[in-house]
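Novice: Input: one structure, supplied below.
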Amino acid sequence: GDAVCGGRVYKSEDLFIEAPLPPPALPSWFKMPPRLWGVLSRLCWHLCRNPRGGETRKEAEQRAGRAADYLIARAEHGHDVLLLAHGYFNFMIGKQLQARGWKLTLDQGFKYWRQRRFERV
């Protein structure tokens, strides 16, 4: 936050913590590259109802809705809004923003330091 905000006040909110990525229950001898672990873990998280007692997909979607409402409220009160967070939860928030009538006007994808911009339609 400090590098981007240039000394201006900013807030850190637990609401925007990345959606969980619990490892699937596989034997310890099972090996694969980290990127594939991420894909497999996210797929399992989508399909499991209770991923080892953590936040479920439905709970994360509800939290993404609350996050979208928070961002919209800040924007509607004239505040500049910039969210720096992890990609997958940002994707989930983006879906919620679009469902609330916001349009994706810039999409640089999901690699490091990419941005997506949403504007009120």
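Novice: Beyond 13 Å, what percent of the Cα pairs of region 56-121 remain?
Specialist: Summing the P(r) tail past 13 Å for region 56-121 gives 63 percent.
Novice: So if I place +1 on the C-beta of Lys and Arg and -1 on the C-beta of Asp and Glu, and nothing else carries charge, what would the dipole magnitude of the chain be about its Cα centre? I want it in debye, nearest 20. Please list the in-between numbers first.
Specialist: Working: 20 positive and 12 negative charges, 82 e Å.
So the magnitude is around 400 debye.
Novice: I'm checking a number: the convex hull volume of the Cα atoms of the chain, normalised per residue, in Å³. What is it?
Specialist: Here the figure is 129 Å³ per residue.
Novice: Can I ask one more? To the nearest 10 degrees, how steeply does helix 87-99 sit against the main Cα axis of the chain, on a 0 to 90 scale?
Specialist: In the chain, helix 87-99 runs at an angle near 50 degrees to the longest axis.
Novice: So with the 1.4 Å probe, I'd like the accessible area per residue for the chain, rounded to whole Å².
Specialist: Per residue, the chain has 74 Å² of solvent-accessible surface.
Novice: Can I ask one more? Computing the accessible area with a 1.4 Å probe over protein heavy atoms, can you report the carbon and sulfur percentage for the chain?
Specialist: On the way: 4980 of 9010 Å².
Carbon and sulfur together cover 55 percent of it.
Novice: Report the semi-axes of the equivalent ellipsoid for region 29-90 in whole Å, largest first, where each axis is √(5λ) for an eigenvalue λ of the Cα gyration tensor.
Specialist: Numbers: eigenvalues 195, 46, 8 Å².
Ellipsoid half-lengths, sorted descending, are 31, 15, 7 Å.
The values are calculated or read from the model by the stated rules, or taken from the named source; none is laboratory data. Small disclaimer: the values here were computed from a predicted structure and weren't measured. Here the Cβ is made from the backbone with ideal geometry for all residues, glycine too, and neighbour counts use every protein chain on show. What goes into the accessible areas is simple: the full protein's heavy atoms, side chains included, and nothing from ligands, DNA or RNA. Shrake-Rupley method; radii C 1.70, N 1.55, O 1.52, S 1.80 Å.
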